[in-house]
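Read the structure below first, then the notes.
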């Protein structure tokens, strides 16, 4: 099933892998940097740009809770979200900027409060984060809008993924599931792309993508080779950005490379790059006369054979030519042409 975001952005199993640039916390609390991220992400090749809609009060109530493991170990959870949040008051300017510059901007709402605020900007698509896949109330409210939904699946069992998908299916089938490992940054050996097949089998959803929290773009490129529908990758203005997400975010140059790979992996199989087209003139075979062939004479295995270079009738038509009569005299070693028969 194809999911149409715009006339130029279509998500589908046989479509080019679309690239989503996630701004997340890389604005470092600066609205100027936040808006610059949106513009530069588009300029660097992102098909869609995503932000996050929450403030610290949407995430936690215990202001003293500390993280015990991982990238953000010993950080106070409230303080971390306070630092990483994209204030709701920035959203209007962001969506206006996106509209003015033809940028497809959307967001992940993390609460009913942020969803209600986000709705007024009428994004064409919504995202549900991995950690909210168990928030069935939030999922239901987003599904009611009948807009395409991307749902990420880090830390989720197949039964949890199916449960969330089944809720959305009560309202529509415009669903994209992202295979994801919620480890920050994710080590390459932690990925198991065979899970993509399991997700498709259990949910009956063919549009499965990849949310990549690893370093660099290697994992994303590997996922493209599996035919994923979308790639989501955190994006930063440059390598000087220091944020809770910056270590596993990619810079503009890497985003451009990812965009180029998205075209490479999704070329129609029977198209050729220019260098291949040139080689075909030399290395493929045509059918040639190996003896002088008289007008009206039949073609046989004794008077035609296949040789390089490719210049006339393709060697693949050899058997179809056998038994046909020539309309003219053909000299020995001449390449055969369609007009001769």
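The values are calculated or read from the model by the stated rules, or taken from the named source; none is laboratory data. Every value quoted in this text rests on a predicted model; they were computed, and no experiment measured them. Note that each Cβ is placed from the backbone with ideal geometry, even for glycine, and that neighbours are counted across all protein chains shown.
Which condition number in (1) at pLDDT 95 or above; (2) in contact with a strand residue (DSSP E or B) (Cβ under 9 Å, 6 or more places away or on another chain) is the one that residue 300 fails?
(2)
Quick one: count up the residues across the stretch 1-11 that are touching a strand residue (DSSP E or B) at 6+ places or on another chain (Cβ under 8 Å), in a loop (DSSP other than H, G, I, E, B) and surrounded by fewer than 15 Cβ atoms within 10 Å (Cβ to Cβ).
The qualifying residues number 1.
Tell me the residue from 203, 186 that is touching a residue at least 12 places away in the same chain (Cβ under 8 Å), buried (at least 17 other Cβ atoms within 10 Å of the Cβ) and either more than 30 Å from residue 34 (Cα to Cα) or in contact with a helix residue (DSSP H, G or I) (Cβ under 6 Å, 6 or more places away or on another chain) (or both), please.
203
Can residue 51 be described as closer than 30 Å to residue 261 by Cα and assigned to a helix (DSSP H, G or I)?
For residue 51, the condition - closer than 30 Å to residue 261 by Cα and assigned to a helix (DSSP H, G or I) - is not met.
Evaluate the stretch 208-226: report whether one residue or more is surrounded by 18 or more Cβ atoms within 10 Å (Cβ to Cβ), within 13 Å of the chain's Cα centre (by Cα) and assigned to a loop (DSSP other than H, G, I, E, B).
yes
Inspect all residues belonging to the stretch 83-102 and state whether any of them is under 28 Å from residue 227 (Cα atoms) and in contact with a strand residue (DSSP E or B) (Cβ under 6 Å, 6 or more places away or on another chain).
no
Does residue 241 meet the test of being under 13 Å from residue 26 (Cα atoms) and out of contact with any strand residue (DSSP E or B) (no Cβ under 9 Å at 6 or more places or on another chain)?
Against the criterion (under 13 Å from residue 26 (Cα atoms) and out of contact with any strand residue (DSSP E or B) (no Cβ under 9 Å at 6 or more places or on another chain)), residue 241 qualifies.
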